[in-house]
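All remarks here apply to the structure that follows.
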Amino acid sequence: MEYLDFELPIKELEEQLEKCLIIGTESDVDVTNTCKQINKKLEETKKNIYKNLTAWQRVQLSRHPNRPYVLEHITNLTKGTFLELFGDRAFKDDKAMIGGLGQINGQSFMFVGQQKGINTKMRQFRNFGMANPEGYRKALRLMKMAEKFGIPVVTLIDTPGAYPGLEAEERGQGEAIARNIFEMVNLKVPIITVIVGEGASGGALGIGVGDRVYMMENTWYSVISPESCSSILWKSWEYKEQAAEALKLTSADMKKQKLVDDIIPEPLGGAHYDRETTFKTVEQYILKGYNELKDLSTADLIAQRMEKYSKMGEYKE
C-alpha cells in the first residue's frame, strides 16, 4: 500500500499494529489488549482524516496509484463478457481511449473510457490517459455503433485532460471533442457517465455528455486542474490547494451546483481500500440509471438530455 502525505498517521498506526501482532505470534507475551487499543486508535484516525478531507486531498485520492482504473472497473463489471474494440477507422487506435461491448447482469452495454496504466511502462503506452483526436473519434464510432443496435452506452472518465501536443492539434483535437459533444447530445440510446478518477476539462467532457452523470466520492470534475489554475493565477504551483478550494471541483460541490446527478459512495479511505465493494456500488448505480431511462421514447430521451444541459450555467443577478 502506498500512502499520501496526509495518510502518514494511518501508516504509522498500521505499522505499530503489525509489529504488535508479530510480537504476539513470536513470543509468549499477551499483547491482545495493546493490539485492540492500537486498532481502535487506527479506526478513529481513519474516520477523522477521511471524513474531513479538503478539496486538494480529494484530488490526491483521485490520483492514488492504488486506485482502480477504468479497465479494472470494466473487467469487474462485465465479469468476463467484455469484448474490446479498436481503432477510429481513419488514423489509428488510441491506447488511451478504450471501449467495447460487455454485459452487466445480462444487459449489454457499450463501454467507453480513458485508461491511464498501472505502472510506468503502461502509463507511457496509454499516454497517461490523455487521448488524441483518434481516441475521441474511436469513442464516437463505438457510440454510433451502439446507437445502430440499440445498446445503451456507459462512459467511464479518468483523465488529466486531452493530449495537448502539437500533433494532436494538427489532427483536430478541438474538432474531435466538439463533434463528440454534438453527437452525444443527439444519441438515440441512454448514456450513463461515471467519473471514476480525474475529470479534467474537455478531455473529460468529450465522453461526458450523459443522461445520468455520477461522480465517485473522491473524484474531481473541472475545466482545469488545481495545479494549472494556480500556475495561471499565481504563476506558481504552490497555491494548488487554494485553487482546488476555489474551483469547487469535488463531488459534493458538483452535486450542489446540479452539474452531476448523484455521488457514488466509496469505502472509508477510498475505492482502493475495498475494491469489491467499490465495483458492486458502481454496478448498482449504472443499473439504477439504466432502469430510469430504458422505457423512455427516443424523442423524450433526447429532449430530457437537451433540457438537462440547457439548464446548466443559468444564474440570477
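The values are calculated or read from the model by the stated rules, or taken from the named source; none is laboratory data. Keep in mind it's a predicted model, so treat the numbers as computed, not measured. Note that we place each Cβ from the backbone using ideal geometry, even for glycine, and neighbour counts take in every protein chain shown. In case anyone asks, the SASA skips ligands and DNA or RNA and just uses the protein heavy atoms, side chains included. Shrake-Rupley method; radii C 1.70, N 1.55, O 1.52, S 1.80 Å.
Brief remarks follow.
- Remark: the Phe125-Leu268 segment gains 48.3 nm on full extension, using 0.36 nm per residue and subtracting the alpha carbon distance.
- Subset of Lys255/Lys316; Lys47/Lys308; Lys240/Lys316; Lys255/Lys311; Lys144/Lys308; Lys256/Lys308 violating a 24 Å alpha-carbon distance limit: Lys47/Lys308; Lys240/Lys316
- Normalised by the number of residues in the chain, the mean separation of alpha-carbon contacts (under 8 Å, six or more apart) gives a relative contact order of 15 percent.
- Here the accessible area of the chain is 53 percent carbon and sulfur, with a 1.4 angstrom probe and all protein chains present.
- Alpha carbon centroid spacing (whole Å) that separates segment 1-78 from segment 117-133: 28 Å
- Applying a length cut-off of 20 Å (Cα extent along the axis) and a mean Kyte-Doolittle floor of -0.5 to the DSSP H helices of the chain leaves 8-26.
- Rounded if a/c under 1.5, otherwise prolate or oblate - segment 182-317, Cα gyration tensor axes: oblate
- Computed from label points 7 Å out along Cα-Cβ, the spacing between Leu287 and Met145 is 2.6 nm.
- In this structure Leu8 has an accessible area near 80 Å², from a 1.4 Å probe over the protein heavy atoms.
- Label-to-label distance, Val185 versus Thr25, with points set 7 angstrom from Cα along the beta-carbon direction: 6.0 nm.
- Solvent-accessible surface ranking, highest first, for Phe82, Phe6, Phe149, Phe111 at 1.4 angstrom: Phe149, Phe82, Phe6, Phe111
- For Ser231, solvent-accessible area (1.4 Å; no DNA, RNA or ligand), Å²: 40 Å²
- Derived scalar couplings ³J(HN,Hα) [segment 117-124; Karplus, 6.51 cos²θ - 1.76 cosθ + 1.60; whole Hz; x for Gly, Pro]: x, 9, 8, 4, 4, 6, 5, 5
- Residue among Phe82, Thr25, Met110 farthest towards the positive dipole end of the chain, charges placed on Cβ: Met110
- Based on protein heavy atoms only, segment 194-277 ends up with 43 Å² per residue of surface accessible to a 1.4 Å probe.
- Solvent exposure ordering (accessible area, 1.4 Å, most first) of Ile191, Ile263: Ile263, Ile191
- Farthest toward the positive end of the dipole of the chain, out of Asn127, His64, Met145, is the Cα of Met145, where the dipole comes from beta carbon charges about the Cα centre.
- For segment 286-317 and segment 168-244, distance of Cα centres in Å: 19 Å
- Within the full protein context, the accessible area of Tyr50 is estimated at about 10 Å² for a probe radius of 1.4 Å.
- Order of exposure, largest accessible area first, which applies to Met145, Met97 with probe 1.4 Å: Met145, Met97
- Burial order of peptide ranges 16-27, 235-246, 211-222, 156-167 (average beta-carbon count within 10 Å, highest first): 211-222, 156-167, 235-246, 16-27
- Relative contact order (%) - criterion: Cα under 8 Å, at least six apart; region: segment 1-72: 40 percent
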